[in-house]
1. What residue, among those in segment 23-53 that are of a type in the set (D, E, K, R) and surrounded by 14 or more Cβ atoms within 10 Å (Cβ to Cβ), is nearest to LYS154 (Cα to Cα)?
2. Here are some conditions: (1) among the charged types (D, E, K, R); (2) within 17 Å of the chain's Cα centre (by Cα); (3) surrounded by fewer than 16 Cβ atoms within 10 Å (Cβ to Cβ); (4) not in a loop (DSSP other than H, G, I, E, B). GLU147 meets all but one. Which one does it not meet?
3. Sort out which residues of segment 85-103 are open to solvent by 10 Å² or more (accessible area, probe 1.4 Å), farther than 16 Å from HIS143 by Cα and in contact (Cβ under 8 Å) with a residue 24 or more places away in the chain, and write them in order of number.
4. Residue by residue through segment 174-208, note down the ones that are in a strand (DSSP E or B) and closer than 20 Å to THR47 by Cα.
5. Give the number of residues within segment 40-95 that are of a type in the set (Lys, Arg) and closer than 21 Å to GLU181 by Cα.
6. Kindly evaluate ILE124 against the criterion of being within 30 Å of ILE16 (Cα to Cα) and open to solvent by 30 Å² or more (accessible area, probe 1.4 Å).
7. Among the residues in segment 69-77, are any closer than 19 Å to LEU198 by Cα, in contact with a Phe, Trp or Tyr (Cβ under 8 Å, 6 or more places away or on another chain) and of a type in the set (Val, Ile, Thr)?
8. Restricting attention to segment 108-120, does a residue exist that is open to solvent by less than 20 Å² (accessible area, probe 1.4 Å), over 22 Å from ASN71 (Cβ atoms), in contact with a Lys or Arg (Cβ under 6 Å, 6 or more places away or on another chain) and hydroxyl-bearing (Ser, Thr, Tyr)?
Amino acid sequence: MIILHSKIICLERYFIIYKPYKMISQFISPYVQRKLGELDFDFPEGTNAVGRLDNDSEGLLILTTDKTLTNRLLHPTRKHKRSYIVQVEKKIDEPTLKRLREGMDILVKGKGAYRTQPCEVNVIEKPKNLPEREHAFRESLPHSWLEFVLTEGKNRQIRKMCGGVWHDCKRLIRTKIENLELGDMQPGEVREIEKEKLFELLLLNDNN
């Protein structure tokens, strides 16, 4: 941000990406892992991810130089919706879906047992035109495709929930944050987006 002739000019920039499988949501790490800086895009200095997707997960991630956006979007009082497509091992039944929907106990690092909030979980058909992925689960084996809609995001929450009902998570793709959608983006793709459009899709305004 700079001040010019008593006017404040915003220089913050905003990006959405399809974070690939086996890439961490960081530009810097002491570990030998693929990082965001390896994407084929020249991000400006000071760019960081808003929230996280774990190394094994894929999909929609927001990057920005705006240091205020993370707090505005991820503040505990703001229960914004996040949608995920999830492939799990074995066929899932209705009683198990009910357990996932109503909330269940998972372990949260540093806090112990945590009861998840009620959420939406539905069985879906495998989405068309889903990008291929290395080391994919063999679809000849029994499995189910689910859509989760959460309003919270504990570390590896969906994986822990699925594991807790004996359906190991084999693929997890975040497809939507509020009204911001992954759409037809491909793994590793980066798109810059105007602040006004991004905030409109995230249902953010001057009062939240």
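1. For segment 23-53, the residue satisfying everything is ARG52.
2. (3)
3. If the condition is that a residue be open to solvent by 10 Å² or more (accessible area, probe 1.4 Å), farther than 16 Å from HIS143 by Cα and in contact (Cβ under 8 Å) with a residue 24 or more places away in the chain, then ARG99 is the only one that fits.
4. The answer is ILE177, LEU180, VAL190, ARG191, GLU192.
5. Adding up the residues that qualify gives 6.
6. Considered against the rule, which asks whether it is within 30 Å of ILE16 (Cα to Cα) and open to solvent by 30 Å² or more (accessible area, probe 1.4 Å), ILE124 comes out as yes.
7. Checked segment 69-77: no residue is closer than 19 Å to LEU198 by Cα, in contact with a Phe, Trp or Tyr (Cβ under 8 Å, 6 or more places away or on another chain) and of a type in the set (Val, Ile, Thr).
8. no
The values are calculated or read from the model by the stated rules, or taken from the named source; none is laboratory data. As the structure is a computational prediction, the values presented were derived from the model and not from experiment. A quick note on method: Cβ atoms are made from the backbone with ideal geometry, for glycine too, and the neighbour counts reach across all protein chains shown. Heavy atoms of the whole protein, side chains included, go into the accessibility calculation; ligands, DNA and RNA do not. Shrake-Rupley method; radii C 1.70, N 1.55, O 1.52, S 1.80 Å.
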